[in-house]
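Have a look at the structure below, then the notes.
The values are calculated or read from the model by the stated rules, or taken from the named source; none is laboratory data. None of the values given here were measured: they were computed from a predicted structure. Glycine gets a Cβ as well: all are built from the backbone with ideal geometry, and neighbour counts include every protein chain shown.
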Amino acid sequence: MRAPPVDEPLLDLRYRVETPEGIALTLAPAGVVARSVAFAIDFSIRVALLMTVAVALGLLGQFGFGLFMIFFFGLEWFYPVLFELSPWAATPGKRALGLKVVMDDGLPVTPAASFIRNLLRAADFLPFLYAAGLLSMLVRSDFKRLGDLAADTVVVHIAEPAHAELATDAPPRPPERQLSTRAQSAVVAWAARIPRLTPARAEELAAIAAPAVVPRAREDQQVAALAGVARWLAGQR
Amino acid sequence: MTPFEFQRLHEPIWRELELAAGLRRRDVGDAAPGTAGTAEKDRARFAALYRATCEHLELARVRAYPVHLVERLEALTAACHQRIYRQSDLGLARLGRFFLVDFPGTVRAEWRAVLLAGIVFVVPMLAVGVASYLDPAFILSIHDASSVDRYDRMYGDGSGGRRPEDSDWAMFGHYVRNNIGIAFQCFASGLFLGIGSLFYLAFNGVLAGSIAGYLTWRGLGPNFYSFVVTHAAFELTAIVLAGAAGLMLGRALLAPGRQSRRAALASTARKAVVIVYGVAAMLLVAAVIEAFWSGAAWIEPQVKYAVGATCWIGVLAYLVFFGRPRRR
């Protein structure tokens with residue numbers, strides 16, 4: 001882990017892991033609430049499965065009971081392992097919340113690690129209702145439960161959808177003042193967000209930046225002017 | 001260089017890599033699937049393009065290029081990183097190596113933990129066994145009267161724990177869920193400084209010892225021992241090994257050596273889980289034997305003793321001798 005490349009340390013809980021190539025990947029660990037909801041979904045799925053299978057196998061008498069116990073055992077211990085080793089690296093509950101399990105270094109979770117973290121679920125559960133796991137998640141900034149600690153895994157949010165390319169058609173224009181690199185990237189980032197902002201919000205933000213970037217633009221032209229500067233900065237000249 | 005020039009210059013590389021990393025669908029301009037010399041087909045080229053893209057990402061960050069560009073490169077490098085450094089420890093060859101070398105090797109390497117777990121299991125078992133044999137009322141301080149009554153009936157009808165055969169499968173399922181669950185519990189609770197494992201080991205030892213001692217006093221010993229001798233070879237050994245794996249976790253936390261406790265726990269857990277895999281396999285074998293062999297009424301007790309002894313020797317020999325490096 002090392003300091004973010006451009007600006008000061010992040011204020012949020014994301015943390016960076018460095019790859020052997022020297023680039024930093026950003027991981028966003030998932031907190032107690034998201035994971036509890038995911039667990040509740042998984043739990044419901046398991047109960048539903050168990051009840052369905054119980055009815056079906058109930059028709060087979062003693063033999064069916066045996067199969068049911070085996071199914072119960074598999075569901076109890078290996079339901080998460082099975083899904084974590086799938087390409088999604090997440091149980092259906094985690095997928096529903098946009099979470100997945102990765103190794104500490106951002107790599108896909110290994111079978112051994114998945115096995116460890118799910119066997120140690122039994123320890124997280126103690127003394128009742130996942131109290132140990134909950135405590136561990138609450139005191140750590142990366143929200144690891146005991147199983148995660150031993151397995152070197154972490155549950156992360158899948159990265160949110162990427163920003164769009166500049167979608168504005170305002171005529172490119174140079175800024176009226178010299179801009180620092182950070183100011184430049186702020187303007188370009190704002191322009192990229194225009195499609196996702198309401199027009200009023202875009203104007204509001206433009207009104208903050210315009211005096212520093214395009215002081216001579218008329219008040220009703222600020223959005224267009226600033227978007228033009230963004231295109232110019234990005235190289236569409 | 002403006003972001004647009006930068007993007008125009010490197011776009012072909014990124015697109016080729018995005019295709020190879022499965023981040024986008026095949027387009028009109030792309031080479032046909034499996035064309036030689038593309039990043040999709042050629043691993044060296046994939047790695048080279050990946051390294052180039054890492055460089056681009058770092059440049060884009062330092063030059064504060066637009067967010068969408070940086071994010072695209074971040075997603076691309078992250079996906080390639082996952083492909084290149086993915087570790088896989090599954091596979092049939094791996095499985096063979098596991099049972100021939102890794103599992104018995106790890107058990108021997110951790111002989112101290114195994115020995116301690118064995119003592120914590122066996123000593124209470126023998127002590128309580130002898131106590132229940134000498135004083136039959138002693139068992140009532142461990143089990144309630146109704147379960148004692150059930151043991152009496154199970155082994156007392158001369159069938160030696162034998163049941164009608166259609167219930168074999170039901171018992172198999174029960175043993176799988178129950179016994180392997182106990183073993184996993186025994187391992188997992190070791191995370192609490194090993195105390196949980198010690199407790200479960202002693203607890204299970206006491207349970208087994210009390211029943212054995214009591215039934216021996218009742219004179220039902222032959223029924224009982226002929227029933228348990230075979231699967232006990234796998235089951236008791238596996239419980240001890242699961243406890244040993246749990247104790248390893250506890251030791252990592254109590255005496256991490258020259259690592260942080262976190263790092264010691266993580267590296268020990270990777271070793272301990274090897275034992276737990278083996279334990280699960282052994283308990284599966286035990287469940288098969290217990291359901292389909294131990295309870296079979298048509299097999300003479302003498303045969304069961306003989307097979308049981310063979311299993312004990314086999315299991316111990318397996319753990320002691322398998323997977324040793326060859327001597328010259």
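Listed by first and then second residue, the pairs with beta-carbon distance under 6 Å, at least 6 apart or on different chains, first residue in the stretch B:193-211 and in the same structural domain as residue B:149 (by TED's automatic domain parsing), second not in a helix (DSSP H, G or I), are B:210/B:142.
Tell me, yes or no, whether the stretch B:289-298 has at least one residue that is in contact with a Phe, Trp or Tyr (Cβ under 8 Å, 6 or more places away or on another chain), buried (at least 24 other Cβ atoms within 10 Å of the Cβ) and under 19 Å from residue B:114 (Cα atoms). Among the residues of the stretch B:289-298, not one is in contact with a Phe, Trp or Tyr (Cβ under 8 Å, 6 or more places away or on another chain), buried (at least 24 other Cβ atoms within 10 Å of the Cβ) and under 19 Å from residue B:114 (Cα atoms), which makes the answer no. Of all the residues in the stretch A:113-129, those that are touching a residue at least 12 places away in the same chain (Cβ under 8 Å) and either under 22 Å from the mean Cα position of the chain (by Cα) or farther than 14 Å from residue B:186 by Cα (or both) number 5. The set of residues from the stretch A:115-145 being facing chain B (nearest Cβ under 10 Å), within 24 Å of residue A:87 (Cα to Cα) and buried (at least 20 other Cβ atoms within 10 Å of the Cβ) comprises A:115, A:116, A:117, A:118, A:119, A:120, A:144.
Quick one: in the stretch A:151-200, of everything that is at negative phi and acidic (Asp, Glu), which residue is nearest to the other protein chains (Cβ to nearest Cβ)? Selected residue: A:165.
Against the definition (hydroxyl-bearing (Ser, Thr, Tyr) and under 41 Å from the mean Cα position of the chain (by Cα)), how does residue B:77 come out, yes or no? Yes; evaluated as a whole, the condition is true for this residue. Within the stretch A:184-232, the set of residues being part of a helix (DSSP H, G or I), over 22 Å from residue B:68 (Cβ atoms) and either touching a residue at least 60 places away in the same chain (Cβ under 8 Å) or among the hydrophobic types (A, V, I, L, M, F, W, C) (or both) comprises A:200, A:207, A:210, A:212. Criterion applied to B:113, B:75, B:48 was being assigned to a helix (DSSP H, G or I), among the small types (Gly, Ala, Ser) and within 8 Å of chain A (Cβ to nearest Cβ), and the one residue passing it is B:75.
Based on this model, can you work out whether residue A:205 counts as crowded, with 16+ Cβ neighbours inside 10 Å and more than 13 Å from chain B (Cβ to nearest Cβ)? Give the steps one after another, and end with the answer.
Details: crowded, with 16+ Cβ neighbours inside 10 Å: yes; more than 13 Å from chain B (Cβ to nearest Cβ): yes.
Yes: the conditions hold for residue A:205.
The set of residues in the stretch B:178-192 that are in a helix (DSSP H, G or I) and touching a residue at least 40 places away in the same chain (Cβ under 8 Å) comprises B:179, B:180, B:182, B:183, B:184, B:186, B:187, B:188, B:189, B:190, B:191.
With the structure loaded, tell me whether residue B:100 is over 24 Å from residue A:234 (Cβ atoms), more than 14 Å from every other protein chain (Cβ to nearest Cβ), part of a helix (DSSP H, G or I) and of a type outside the set (Phe, Trp, Tyr) or whether it fails that test.
Values: over 24 Å from residue A:234 (Cβ atoms): yes; more than 14 Å from every other protein chain (Cβ to nearest Cβ): yes; part of a helix (DSSP H, G or I): yes; of a type outside the set (Phe, Trp, Tyr): yes.
So residue B:100 passes the test.
The number of residues in the stretch A:19-49 that are more than 18 Å from the chain's Cα centre (by Cα) and either over 30 Å from residue A:131 (Cβ atoms) or within 11 Å of chain B (Cβ to nearest Cβ) (or both) comes to 5. Based on this model, can you work out whether residue A:82 counts as within 26 Å of residue B:173 (Cβ to Cβ) and touching a Phe, Trp or Tyr at 6+ places or on another chain (Cβ under 9 Å)? For residue A:82, the condition - within 26 Å of residue B:173 (Cβ to Cβ) and touching a Phe, Trp or Tyr at 6+ places or on another chain (Cβ under 9 Å) - is not met. Could you look through the stretch A:105-147, keep only residues that are touching a strand residue (DSSP E or B) at 6+ places or on another chain (Cβ under 6 Å) and not basic (Lys, Arg), and pick out the one that is farthest from residue A:25 (Cα to Cα)? Ranking the qualifying residues of the stretch A:105-147, first place goes to A:113.
Do we find that residue B:22 is within 11 Å of chain A (Cβ to nearest Cβ), farther than 21 Å from residue A:191 by Cβ and touching a Lys or Arg at 6+ places or on another chain (Cβ under 9 Å) in this structure? Don't jump to the end; show me each part of the working.
Details: within 11 Å of chain A (Cβ to nearest Cβ): yes; farther than 21 Å from residue A:191 by Cβ: yes; touching a Lys or Arg at 6+ places or on another chain (Cβ under 9 Å): yes.
Yes: the conditions hold for residue B:22.
Is it fair to say residue B:278 is closer than 15 Å to residue A:123 by Cβ and either touching a residue at least 12 places away in the same chain (Cβ under 8 Å) or crowded, with 24+ Cβ neighbours inside 10 Å (or both)? Criteria not met by residue B:278. Looking across B:295, B:257, one residue alone is assigned by TED's automatic domain parsing to the domain that holds residue B:235 and touching a residue at least 24 places away in the same chain (Cβ under 8 Å). It is B:295.
Just for strands (runs of 3 or more DSSP E) wholly inside the stretch A:1-110: which have at least 1 residues that are in the same structural domain as residue A:130 (by TED's automatic domain parsing)?
Numbers: elements: A:15-18, A:24-27, A:99-103.
By residue number, A:99-103.
Kindly check whether there is at least one residue in the stretch A:157-175 that is within 21 Å of residue A:35 (Cα to Cα) and among the aliphatic types (A, V, I, L, M). First the steps, then the outcome.
So the first thing to find is which residues in the stretch A:157-175 are within 21 Å of residue A:35 (Cα to Cα), and the list is A:157-161.
Next cut, among the aliphatic types (A, V, I, L, M) only: A:158-159.
Scanning the stretch A:157-175, I find at least one residue that is within 21 Å of residue A:35 (Cα to Cα) and among the aliphatic types (A, V, I, L, M), so the answer is yes.
Residue-level check: of (1) touching a Ser or Thr at 6+ places or on another chain (Cβ under 6 Å); (2) surrounded by fewer than 19 Cβ atoms within 10 Å (Cβ to Cβ); (3) among the aliphatic types (A, V, I, L, M), residue A:158 misses just (1).
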